[in-house]
4 protein chains.
Amino acid sequence: MMKVAVLGASGKLGSVISDAVDAADDLDLVARIGSRDSLETLVETGAEAVVDVTTPAAVMENLRFCIERGIHAIVGTTGFDEERLATLRGWLDEHPRVGVVIAPNFSIGALLMMQLAAKAAPFFESVEIVELHHPTKADAPSGTAQRTAALIADARREAGVGPVPDATTTALEGARGAEIDGIHVHALRIRGLVAHQEVVLGGVGETLTIRHDSLDRASFAPGALAGLRAVPAHPGLTIGLEHLLGL
Amino acid sequence: MMKVAVLGASGKLGSVISDAVDAADDLDLVARIGSRDSLETLVETGAEAVVDVTTPAAVMENLRFCIERGIHAIVGTTGFDEERLATLRGWLDEHPRVGVVIAPNFSIGALLMMQLAAKAAPFFESVEIVELHHPTKADAPSGTAQRTAALIADARREAGVGPVPDATTTALEGARGAEIDGIHVHALRIRGLVAHQEVVLGGVGETLTIRHDSLDRASFAPGALAGLRAVPAHPGLTIGLEHLLGL
Amino acid sequence: MMKVAVLGASGKLGSVISDAVDAADDLDLVARIGSRDSLETLVETGAEAVVDVTTPAAVMENLRFCIERGIHAIVGTTGFDEERLATLRGWLDEHPRVGVVIAPNFSIGALLMMQLAAKAAPFFESVEIVELHHPTKADAPSGTAQRTAALIADARREAGVGPVPDATTTALEGARGAEIDGIHVHALRIRGLVAHQEVVLGGVGETLTIRHDSLDRASFAPGALAGLRAVPAHPGLTIGLEHLLGL
Amino acid sequence: MMKVAVLGASGKLGSVISDAVDAADDLDLVARIGSRDSLETLVETGAEAVVDVTTPAAVMENLRFCIERGIHAIVGTTGFDEERLATLRGWLDEHPRVGVVIAPNFSIGALLMMQLAAKAAPFFESVEIVELHHPTKADAPSGTAQRTAALIADARREAGVGPVPDATTTALEGARGAEIDGIHVHALRIRGLVAHQEVVLGGVGETLTIRHDSLDRASFAPGALAGLRAVPAHPGLTIGLEHLLGL
């Protein structure tokens, strides 16, 4: 049974993931580590893998500690730029058996939504993205919507598909959304919603719509657990849980 | 049986409405009048009411002819500003038995969507509009979306409801849509679609969505026919079919 | 400030409503009463109104106690048949200033969904209901779906609208759903969902869809609070919060 | 430029496909063949491939004629059972360069919807299918829904996923739909609709919905044309356009 510790266990997401690891028959939760706890606990408890859901300020130090001690990591923390990724690759070169997965999204449903949308996009003339979130979210469009637009634009370019048709000549001001890499994104902010996204694709006489609804933070646990189970077989740096899950 | 003529009968919409009048048991289609036909045909055939689906350039002359001869009119043609409406009221004052209905939308479904959305809007903190059309449409957002936003904003003001919540602080460029009277509107342009609109309302823990899908021009006929049946009982100028249909 | 007590306050729904009453500026939560607490607390604390979210076994005794002491009640508890309602009317006849509201649904969104669907139903040839819930729900279709079907069937009968069109001649077995009063209801049970319902209406060339999504038990609080504020002005027995809310 | 004939060209679908072949730059429409026309026209015009959208009574004779003369066929006609497929394989064994594609569905959107749903199904606990059609359709559920259910059931079995959760203990009568291979299917019949299908998948805290809307028969042409372009490279019998299109 794999021994797992959660870094950032006192946060909302960390708490959900800790409980899910604890409840899993094939995983052994050995430590819930908060910001005031020592990383030495990882060594004392014999942790073989961690889930890191801490902060951009803390995550690099955490990962150096883990990599040097042969502990795998599934990382939900944000803020990884090219420089940080290069640093991680350097550390991993010296410890080639360790696996680190940078996972901007733990939701299997969101990952599938992006993958399926990118797969379908070259088969349709038109595609636009609508993302819907609670009105206390500060950024628009969402990071997931921006990644989806980039994946779709890449897939269409690779397949040699031209730009989406658009005859708009008159327009008004003030829309919340964006055009990203030629793909229109619309951002709704509605009380009562959690995190939702719809990709609308259309060709002559038909449309295909792929929608993901995240209703509860609990949706992030299954992806984190699946990542833990798969990471020992994926040494080195992996960007995106989808590469471990066979999506 | 009411004798009905269609002005603009050679256009696509005029053709659909002419066929529907022809097929109705309680209406008698006496003339399909195209742009080259004389209005005198109305007199010769004894038309009691017309449906006008011509052009902004032709419609005022048509209506003067009808009003002066006691012929009711259901008008789907666009381009009515305050000046034109005042002119119509002047003509109707002199012929007080005649009814003229300016109907920006013949679709009963679209009218209901707008009415229901305006009725529901004061009960929710948040509301946004998503309109979806084929990519050859030149204007964005659609006229229907703009009217819906105005109706919703009016209903909320009247009920004393404050502005919708929105914490967006970072934003990107290029969205297709608008903020109209404080209400966000998003405009999608997708091949394969016809004319669709969704109003998303949200309060604590719940959302209400009202969606209208127009899949075929045939959807415009039932509203025009219902208008014809009701117009004799509604002399003077009426703006909006909804006032005749008891929506 | 109205003094309010919650009966059944230790349950999940009772807890949410107690917290919402507590947080409201114009309501004073004077008691959270669980199954082991004495109703005398209501008298001691001077409660002017209660929300009852207890059990069918307890609710009648609770209501008799309240009515006899002049305490208004908003009742979310289920299990009211004609006999129980007649009993309540008898008690209220002797205390004509007291208001009791039997509210099968506290969600303003769900109430609006039902009202709007019933209003729209006579204008369309076709209408069907799709309800979607979590897979641990024991009854199918949901009570809300059954009430919606009955409201729609009533509205169509009253308007003289005929039966919905259906040419199905071959069919398979095992569907989860029902035909209620001539209206087809479909019941989906999907992990991850909470409580959702969609009414799909259709006429020539167009459809209208009204959808309610309940994502969180918190959605039941605003209706209960609005009921509390309105009940003093509605003495006697009222069935359905919608009559107090002007929906 | 490939010389193409359409068999069943006087039907609605045949007419749409003939026009699309005619309009394509890389295909040459050499014959529109109706039920009274001779198959010899195929030889006279030098047709290299046909699209057959005729009737179950006519299709086998058409295919024998084509296979014996080295003419490829894309077949949208229904009614193929194991016996007919075996017969076709026998004929094709003697003419190994000829390709015949039995295509129960020409819509690329519908094919993608089925493929994506089958791909996603093993990752979610729950899955159900909702299909929506016009109310003059005689069979329920649709053939597409039945195929989708079978594909989903296969994919889940192969992945070792257990049955969908369902706690329903009380149920009513009369639902239109089915349980197919353990997958619930719901069939809506609504005036104004054409052909639509939604697959709803759900896991802890999240759902994924894949929806296909077919609004116009024109949506069947692109799949037929793509099939024509690919069939020379796919000799023998192929069941399903998806195998030629790289979906």
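Only the coordinates and a few stated rules stand behind these numbers; no lab work does. Because the structure is predicted, anything quoted here is derived from the model rather than measured. Virtual Cβ from ideal backbone geometry, glycine too; neighbours counted across all protein chains shown.
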**Report entry** Over 20 Å [Cα-Cα, segment A:131-204], rounded percent
**Finding:** 38 percent
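Based on DSSP H runs of at least 4 residues, each adding -39500 (n - 2.57), what is the mean residue ellipticity at 222 nm of chain A after dividing by all its residues, to the nearest 500 deg cm²/dmol?
Dividing the helical sum by the residues of chain A leaves -10500 deg cm²/dmol.
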Query raised in the report: Could you give, in nm with one decimal, how far C:Leu85 is from each other copy of that position, shortest first, with labels 7 Å out from Cα toward Cβ?
Result: 4.5, 5.7, 6.4
Query - Shielding by partners, peptide C:109-116 (average Cβ within 10 angstrom, other chains) - result: 5
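Over segment B:12-94, calculate the relative contact order: mean separation of alpha carbon pairs under 8 Å at least 6 apart, over the residue count, as a percent.
24 percent
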Query raised in the report: What are the label-to-label distances in nm, one decimal and shortest first, from B:Val43 to the same spot in the other copies, with labels 7 Å along Cα to Cβ?
Result: 7.0, 8.9, 10.6
Report summary line: Mean Cβ-within-10 Å packing, highest first, puts peptides C:215-222, A:202-209 in the order A:202-209, C:215-222
Report summary line: Taking every residue of A:91-103, the Cβ atoms of other protein chains inside 10 Å of its Cβ average out to 0
Query - Cα gyration tensor of segment D:100-142 - equivalent ellipsoid semi-axes, whole Å, descending - result: 22, 18, 8
Query raised in the report: Debye sum, Cα scatterers, segment A:20-93, no solvent: what log₁₀ I/I(0) at q = 0.11, 0.17, 0.27 1/Å?
Result: -0.28, -0.67, -1.43
Query raised in the report: So if R0 is 35 Å, what FRET efficiency would A:Asp139 and B:Glu158 give, r being the distance between their Cβ atoms, rounded to the nearest 0.05?
Result: 0.55
Query raised in the report: Taking a threshold of 30 Å on the Cα-Cα distance, which of the pairs A:Lys137/C:Lys137; C:Lys119/D:Lys137; B:Lys137/C:Lys119; A:Lys12/C:Lys137; C:Lys119/D:Lys119; A:Lys137/C:Lys12 fall above it?
Result: A:Lys137/C:Lys137; B:Lys137/C:Lys119; C:Lys119/D:Lys119
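For chain B, what's the relative contact order in percent, using C-alpha pairs closer than 8 Å and at least 6 residues apart?
Numbers: 452 pairs, mean separation 56.5, N = 247.
Dividing the mean separation by the residue count of chain B yields 23 percent.
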Requested in this report: Work out the mean other chain Cβ neighbour count within 10 Å for the residues of B:138-146 and drop it here as an integer.
Outcome: 3
**Report entry** segment A:108-215, relative contact order in percent, only Cα pairs under 8 angstrom and at least six apart counted
**Finding:** 40 percent
**Report entry** Of D:Thr54, D:Thr144, D:Thr41, the one that fluctuates the most in a GNM where chain D has Cα springs shorter than 10 Å
**Finding:** D:Thr41
Query raised in the report: Where the label is 7 Å out from Cα toward Cβ, how close does A:Gly174 come to the same position in every other copy, in nm, shortest first?
Result: 2.4, 4.8, 5.3
Report summary line: Most fluctuating of C:Ala153, C:Ala175, C:Ala195 in the GNM of chain C (C-alpha, under 10 Å) is C:Ala175
Requested in this report: Give, in nm to one decimal, the length gained when the segment between A:Glu68 and A:Ser10 is fully stretched (0.36 nm per residue of separation minus the Cα-Cα distance).
Outcome: 18.4 nm
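State the dimensionless ratio Rg/Rh of segment C:1-127 (Rg: radius of gyration of Cα atoms; Rh: Kirkwood radius).
1.04
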Query - Calculated Rg and Dmax of chain A using C-alpha coordinates, Å - result: 19.8, 66
Query raised in the report: Shape call for the protein assembly as shown from the C-alpha gyration tensor, a ≥ b ≥ c root eigenvalues: rounded (a/c under 1.5), prolate (a/b greater than b/c) or oblate?
Result: oblate
Query raised in the report: With chain C treated as a Gaussian network of Cα nodes joined by springs under 10 Å, which of C:Val101, C:Val194, C:Val30 yields the largest mean-square fluctuation?
Result: C:Val194
Query raised in the report: Which distance in Å, rounded to a whole number, links the C-alpha centroids of segment C:177-232 and segment A:159-207?
Result: 28 Å
